[in-house]
Every structure is written in C-alpha cells, then in structure tokens.
1. Based solely on C-alpha atoms, express the radius of gyration and the Dmax of the chain in angstrom.
2. Quote to one decimal, in nm, the extra length available between LEU267 and ALA348 on full extension: 0.36 nm per residue of separation minus the C-alpha distance between them.
3. For the chain, take the longest principal axis of its alpha carbons; what is the angle in degrees between that and the long axis of helix 299-309, to the nearest 10 within 0 to 90?
4. For the range 2-248, max minus min Cα coordinate along each principal axis, in Å, sorted largest first?
5. What does the charge add up to near VAL290, with Lys and Arg as +1, Asp and Glu as -1, over the other residues with Cβ less than 12 Å from its Cβ?
6. Quick one: dipole size for the range 2-248, taken about the Cα centre, charges +1 on Lys/Arg Cβ and -1 on Asp/Glu Cβ, in debye to the nearest 20.
7. Nothing charged except the Cβ atoms of Lys and Arg (+1) and of Asp and Glu (-1): what's the magnitude of the dipole of the chain about its Cα centre? Round to the nearest 20 debye.
8. Applying 1/(1 + (r/R0)^6) with R0 = 56 Å to the Cβ-Cβ distance of ALA131 and LEU315, what FRET efficiency is obtained, to the nearest 0.05?
Amino acid sequence: MIATHPFDDKLREECGVFGIYRHQDAAAHTALGLHALQHRGQEAAGMVVYDGKQFNAHREMGLVGDTFSSERIMSRLVGDSAIGHVRYSTTGETALRNVQPLFADLQFGGFALAHNGNLTNAMALRRELVARGSLFQSTSDTEVIVHLMATSEFHTVVDRMTDALRRVEGAYSLVALTDSCVIGVRDPLGVRPLVIGRLGDTHIVTSETCALDIIGAELVREVEAGEMVVLDDSGIHSLRPFPPSRQRFCVFEYIYFARPDSVMEGLSVYERRKEIGAELARESGIDADVVIPVPDSGVPAAIGYAEAAAIPFELGIIRNHYVGRTFIEPVERIRHLGVRLKHNANRASLTGKRVILVDDSIVRGTTSVKIVEMVRAAGATEVHMRVAAPPNAHSCFYGIDTPEKGELLASHMDVAEMTAYIGADSLAFISMDGLYRAMGEPGRDPEAPKFCDACFTGEYPTQLTDRDGDEPAAQLSLLAELA
Ligand code: AMP
C-alpha cells in the first residue's frame with residue numbers, strides 16, 4: 001500500500017517500553033508487559049531477546065496479543081534478557097522499518113533500543129549524520145541515537161550512550177539491550193515515565209507500573225529524571241550522566257494517556273483524575289440531574305465530579321470496546337464514523353435529564369460534537385460539557401500524538417465559540433491552577449511549573465530545533481513502500 005499521507009510518516013509517536021534482565025521467561029514476561037502497555041500504542045509491537053549467543057527479534061504491525069500469542073513466534077524468542085516496545089504513529093501506512101526495538105551491530109556488540117518520547121532536534125542531527133556518511137534505515141527519530149552511538153569516540157556502551165544522549169533534545173524514556181546488560185534512561189526533564197520493578201532477583205524497567213502488576217512484579221522506584229540505570233549480573237547501577245535540571249513530567253499522562261491503575265511519580269493516576277473532576281465541580285459546578293462520563297478515559301474525572309457535586313453518577317454512554325481509538329483512523333470522514341461506531345447513548349439514564357457530560361479532553365472536538373448530539377437525541381433536556389483538562393491549544397512534540405496546531409479546536413476558538421461548535425448548553429474546562437491543585441500543588445508557578453504543560457500553555461521546556469514556529473522545519477525524503 002502506498003502511504004496516503006507521506007508527510008504523516010513523521011517522528012511523532014506514542015509508545016510504551018519494557019525491559020527485563022535475566023529471567024527464564026524473559027520473552028513471555030515482556031509480551032505480558034507490552035500487553036499491559038497496549039494503550040500507549042496499538043499499531044505495532046516488537047521484541048528483542050538475547051540468548052547468550054545471539055539476539056532474536058520479532059517486530060510486527062498489530063496488537064501485542066495477536067503477535068506474541070503465536071507459539072511459532074514465541075518459540076523463536078529464546079533468551080533470558082529482553083526489551084520490547086509498543087508503538088502508535090499517525091502514518092496512513094506505517095512501514096515495518098520503523099517498528100522498534102531498533103537493532104544495530106556496534107563496535108562493542110549487538111545493541112537493541114526502544115524509545116518512548118520524541119526528539120526535537122532529530123532532523124537536524126540526521127542531516128548532519130547523513131552528511132558524514134550514516135545510512136539511515138528508518139524514518140524514526142530514535143535511529144539518530146543509534147548513529148550517534150556508532151560514531152561516538154567512546155568505547156563502552158554506557159559512555160557511547162551518554163555521549164549520544166548529550167547531543168539530543170526532547171523527551172526520551174529508553175530501554176536498551178546488549179549482550180551483558182539492560183539499560184534504562186530518562187531524559188533530564190523526565191517528560192515520559194519510566195519505572196524500575198523487581199520480580200524475585202530479576203529487575204525490570206518499563207513505562208508504567210501496570211506492566212509490573214501484570215507479571216506480579218513489585219515497584220522499586222522511578223528511574224529519576226536524567227538518570228541512567230544499568231541492570232547487569234552484579235545488580236542495578238545508577239548513573240547521573242547529565243547536568244541536573246528541574247523535572248518537567250508530562251501532566252497529560254495523568255489526564256489521559258496513562259492507564260488509571262498506574263502510579264506515576266508516587267501519585268495514583270486514578271486518584272489524580274478523580275481529583276481533577278472534583279476541582280472541576282468546585283470551579284464550574286452547575287445544577288443538573290446526572291453526571292455522565294464519556295467512556296473510558298472520562299470515567300474517573302466524572303466520578304470525582306459527581307462526588308464533589310453530590311449529583312448522581314450514571315453510565316449514559318456505552319462504549320463499544322472492539323473498535324480502536326478514534327484517532328487511529330487517518331481520514332477525516334472515517335474519523336467521524338469512528339466516533340459513531342464507538343459510542344452509543346443509554347436512553348435509560350438520559351431521557352428527561354439535565355446532563356453534565358465529563359470528558360478528559362477536547363482535541364479536535366469531533367468526539368464532543370457527536371456525543372452532545374447523541375445525548376440530546378436520547379432525550380436530555382440540557383447538556384453541560386465539563387472537560388478535565390485545560391483547552392488543548394498546542395501540539396505535543398514530546399511523544400503524545402496530537403494533530404498539528406491548526407486542527408486543535410482550542411487553537412482557533414475561545415470557550416464561547418467552542419460551546420456553540422459542540423452544541424452544548426455550557427462548556428467549561430479546568431483552569432491551569434485547578435489542574436495543578438488536583439496534582440497536589442498550590443497552583444501553577446509560572447516561573448517554575450512542575451510539569452510539562454506545553455499542550456495547554458505553549459511553553460515548551462526544550463528547544464524545538466526541528467520546527468519553525470508551528471510548521472515542521474524539515475521533511476524527510478520518503479520512499480513509499482509497496483506491500
Ligand atoms: P476529539 O474528538 O479530537 O476532540 O478528541 C477528544 C477525545 O480523544 C477525548 O475523548 C480523549 O479521550 C481522546 N484523546 C485525547 N488525546 C488523545 C490522543 N493524543 N490520542 C488519542 N485520543 C486522544
């Protein structure tokens with residue numbers, strides 16, 4: 001198939017990573033871990049396992065459960081150390097060449113790498129590397145790290161990786177596999193999550209605690225911002241290769257992206273979502289008969305809202321779980337259809353009611369338009385939309401897939417215009433201070449915000465070397481792959 005949107009083969013991705021050092025069931029545990037991380041990327045999954053002699057890899061488009069349940073595939077993934085990756089990118093046709101973990105033979109031996117996040121100077125570095133003779137095999141930003149390591153003048157894997165990472169900008173939580181260790185690294189701002197777990201004597205590094213729970217492993221701690229951890233035969237080693245900087249964890253992980261049963265930076269995602277809902281009720285409460293979540297991601301915030309407002313919580317929209325996320329359909333007219341496929345109104349809890357609808361975020365507004373219309377058609381007398389995020393007016397360049405700025409509803413409409421556009425009787429978003437309060441902070445400190453909140457404020461915590469204002473500064477020349 002020829003890519004329908006060639007320039008959508010971009011570097012922006014959503015991903016989850018998992019790594020395990022020395023366990024007899026390394027591949028099976030990695031498959032389970034990736035399955036728990038499936039919400040972080042549904043398009044492709046991959047795994048590289050080391051068996052003491054060679055690296056065994058499998059990468060495939062599709063869901064983890066479909067790929068890694070095959071006896072034929074699993075029986076080839078021999079070895080006691082493994083890393084894996086789940087991925088979602090916005091391409092119409094995503095080439096298998098971009099599916100991670102990437103693998104290369106470097107001077108010190110085999111090296112596999114899996115990345116969650118997005119580098120903001122990958123294009124600039126790539127141009128420089130290509131000029132020096134590097135031959136790129138993928139369009140993924142992650143490959144830049146491998147080439148920087150290959151051309152580094154240092155010797156050990158840790159030194160080469162440090163050398164490479166000192167040159168990159170942006171967000172990265174990485175897991176890497178060599179013939180003697182698994183490495184986990186988090187960028188100096190700690191934008192994306194990465195945690196360390198333990199299962200008996202075996203250590204694990206992965207994106208979220210839900211990937212530890214699934215294999216019965218316990219959480220040891222977070223990999224800290226700017227920390228590199230090396231899991232090898234002598235245990236677990238912590239290195240601090242980067243100059244200290246203030247952490248800027250992604251607040252949108254709490255709002256939407258992470259699984260609600262995960263714990264991030266010591267905070268339960270579920271509890272934070274409920275607290276955002278409660279703040280929202282305090283900030284913009286309105287008299288109504290029922291609080292209805294937009295499932296699934298709006299549910300915890302709606303519970304929090306209903307509790308704080310003392311208004312009954314009801315399931316008024318039923319989600320069909322057998323369709324992918326709305327965003328996955330690449331074409332606008334199919335995306336509309338996707339919303340209809342995904343949700344249906346439950347008349348029993350809507351007819352004759354004044355409804356407060358709670359969703360976690362408004363991005364393009366497509367979901368809200370459909371849901372409001374659906375709820376009214378089911379007999380609601382009033383529809384008040386409450387959103388558990390501030391207006392998403394800016395694109396994310398750090399690893400959450402969002403449309404270009406112009407497609408974000410809040411980038412070109414104020415709240416009154418958005419209210420009219422989605423057809424609600426009222427619309428309110430949580431304030432920035434309210435969001436920070438829900439995170440246990442006194443408010444947003446404008447001089448030193450605790451989180452990366454660039455998708456709301458436009459204040460990006462790193463340089464955006466590859467961008468020119470709102471436009472991509474450079475494009476790759478792509479080869480459309482025929483399947
Ligand atoms: P939209 O219809 O474009 O306004 O999208 C809003 C819906 O998409 C909300 O219900 C969110 O749960 C969900 N959402 C928010 N951010 C993302 C994202 N980055 N990828 C996929 N879905 C998202």
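What follows is calculated from the coordinates using simple rules that are stated; it is not laboratory data. All of these numbers come straight from a predicted model, not from anything done at the bench. Positions of Cβ are generated from backbone atoms using ideal geometry, with glycine treated the same way; all protein chains shown enter the neighbour counts.
1. 22.4, 71
2. Length difference between fully extended and current span is 25.6 nm.
3. The angle comes out near 40 degrees.
4. Principal extents (largest minus smallest coordinate, Cα): 46, 43, 37 Å.
5. Summing Lys/Arg as +1 and Asp/Glu as -1 gives -2.
6. Values: 23 positive and 31 negative charges, 104 e Å.
For this selection, approximately 500 debye.
7. Using only the charged Cβ atoms, the result is roughly 560 debye.
8. 0.45
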